[in-house]
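Values quoted throughout were computed directly from the atomic coordinates according to the rules given, and no laboratory measurement underlies them. None of these values were measured; they are calculated from a predicted model. Here Cβ is always computed from backbone atoms with ideal geometry, including for glycine, and neighbour counts include all displayed protein chains.
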Amino acid sequence: MPLNLRKQVEFGGELAVWKITESPEELIEILRKQGVYADMPFFRNPNRLAEWLTARILMSTLHVKTKIVYNELGKPYLDGENVYISISHSGEYVAVIICEKYPIGIDIEKTGERIHRVSHKFINDTEKGWLSPDQFTEKLYVIWGAKECAFKIHGLGSIDFRDHLDVEPFEFKDQGVTKVHFKKGENHCIYQVFFQYLDQVMITYAFAS
């Protein structure tokens with residue numbers, strides 16, 4: 001069972017990460033053995049089906065077997081339960097996080113040079129001012145992940161990653177902490193952000209207290 005990471009997180013939640021090596025049929029069998037019924041949607045792409053199944057395996061691993069549903073903007077939640085969840089996937093990796101107390105968001109990204117081609121879409125002038133050349137690529141992934149988590153927590157769409165979200169300076173290590181400020185009109189929130197670099201994968205998660 002390729003459960004790469006499972007841990008309690010700083011604000012009373014729990015996260016888990018899975019690297020998919022199984023076929024959809026094998027994942028369905030894992031769900032069946034965990035006692036979870038998966039009312040599967042139709043996916044033309046088997047990789048998308050594998051991601052969908054793996055997210056439900058991870059939720060079951062965290063002792064959550066309630067049906068995952070989505071609102072009109074695509075934000076997942078547990079049907080009939082007051083537990084916050086967030087889901088992310090990148091390549092063969094899937095990550096989930098749950099929390100009873102606070103709205104949360106998670107992002108997982110396989111790292112690589114490709115992020116440089118799109119950094120202009122999410123890095124603002126303030127962040128350019130403190131970004132340094134050392135571990136530049138890793139820092140870009142933390143900034144992207146922090147903003148993606150804030151976007152998921154906000155859950156209402158219509159957020160410009162450059163104009164509405166600003167990440168505080170941080171020192172990059174394999175594990176670290178920063179904050180992201182969300183400002184749009186009269187709305188102003190600060191989200192605490194945690195990141196972990198694991199096997200060429202950047203895991204970022206955040207909560208709103």
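Worth pointing out:
- Set of lysines near Lys139 by C-alpha distance (under 26 Å), chain-local residues within fewer than 8 positions excluded: Lys7, Lys19, Lys110, Lys121, Lys128, Lys147, Lys152, Lys173, Lys179, Lys183, Lys184
- Cβ-Cβ FRET estimate between Thr21 and Ser158, R0 fixed at 22 Å, reported to 0.05: 0.05
- Stretching the chain fully between Val118 and Val177 yields a gain of 18.9 nm (0.36 nm per residue, less the alpha carbon separation).
- Relative contact order (percent, whole number), the chain, Cα cutoff 8 Å, 6+ residue spacing: 17
- Here the convex hull built on the C-alpha positions of the range 72-122 has a volume of 115 cubic angstrom per residue.
- Cβ-derived FRET efficiency at R0 30 Å, Glu100 paired with Asn4, nearest 0.05: 0.80
- Percent of Cα pairs exceeding the 20 Å cut-off, where the set is the range 3-101: 34
- Here the dipole of the chain is about 240 debye; that uses its Cα centre as origin and unit charges on the Cβ of Lys and Arg (positive) and Asp and Glu (negative).
- Over the range 85-190, the ratio between the Cα radius of gyration and 2.2 N^0.38 Å evaluates to 1.06.
- Sorting Thr126, Thr178 from the fewest to the most surrounding beta carbons within 10 angstrom yields Thr126, Thr178.
- Principal-axis tilt of helix 136-154 within the chain, Cα atoms, nearest 10 degrees: 70
- The distance between label points at Asn71 and Asp39 comes to 2.0 nm (points 7 Å beyond Cα on the Cα→Cβ vector).
- Rounded tilt (10° steps) of 46-61 against the dominant C-alpha axis of the chain: 90
- Computed about the Cα centre, the dipole magnitude for the range 1-125 is approximately 100 debye when only Lys and Arg (+1) and Asp and Glu (-1) carry charge, each at its Cβ.
- Full-extension gain in nm, Lys184 to Ser132, via 0.36 nm per residue minus C-alpha separation: 16.0 nm
- Computed as a quarter of the hull surface, the mean projected area of the alpha carbon convex hull for the range 162-209 stands at 3.8 nm².
- Dimensions in Å of the chain - Rg and Dmax from alpha carbons: 17.1, 52
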